1. Taking the residues in the range 1-40 that are of a type in the set (Gly, Ala, Ser) and out of contact with any Phe, Trp or Tyr (no Cβ under 6 Å at 6 or more places or on another chain) as candidates, determine which candidate is modelled with the highest pLDDT.
2. Does the range 30-66 hold any residues that are over 18 Å from Leu91 (Cβ atoms) and of a type in the set (Gly, Ala, Ser), and which are they?
3. Looking only at residues that are farther than 21 Å from Ala66 by Cβ and of a type in the set (A, V, I, L, M) in the range 77-98, which one is modelled with the highest pLDDT?
4. Among helices (runs of 4 or more DSSP H) lying entirely in the range 16-101, which contain 2 or more residues that are surrounded by 14 or more Cβ atoms within 10 Å (Cβ to Cβ)?
Amino acid sequence: MPRRGKKMLNSKRTPILAPPPAQKEYQIKIVTEQCDGCELCVEFCPCDVLEIDKESFNSRMLHYAAVIDLDACTGCRQCERICPSVSIFVLEKDIAQEDSS
């Protein structure tokens with residue numbers, strides 16, 4: 001399906017400073033047995049982190065959501081909020097605390 005609203009403006013400007021380092025790391029937990037494969041999480045994810053796994057089925061013979069690009073996750077939790085079957089959970093880990101230990 002074509003994605004709407006994904007046009008980026010071309011600019012010749014470059015940032016003066018480097019972007020700040022990431023402070024948190026995200027993990028997405030999908031309870032595949034609960035997932036209905038409705039694709040709402042896929043459509044609402046602004047970073048294209050999820051897709052429906054067309055190769056696998058759960059015990060109800062439904063395709064379920066799968067993470068395809070975890071590094072792109074910004075932790076917005078849109079997938080978690082929109083999921084009608086409450087089968088997606090976004091967990092966060094503080095990177096700064098981990099490095100100082």
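The values are calculated or read from the model by the stated rules, or taken from the named source; none is laboratory data. Computed from a prediction, not measured in an experiment: that's the story for all the values here. Note that we place each Cβ from the backbone using ideal geometry, even for glycine, and neighbour counts take in every protein chain shown.
1. Our first condition is that a residue be of a type in the set (Gly, Ala, Ser); within the range 1-40, this holds for 5, 11, 18, 22, 37.
Now restrict to residues that are out of contact with any Phe, Trp or Tyr (no Cβ under 6 Å at 6 or more places or on another chain): 5, 11, 18, 22.
Numbers: Gly5: 55, Ser11: 77, Ala18: 81, Ala22: 71.
It comes out as Ala18.
2. Result: Gly37, Ser56, Ser59.
3. Step one: of the range 77-98, the residues farther than 21 Å from Ala66 by Cβ are 94-98.
Applying the additional criterion that residues be of a type in the set (A, V, I, L, M) yields 95-96.
Details: Ile95: 78, Ala96: 68.
My answer is Ile95.
4. Passing ranges, in order: 40-44, 78-82.
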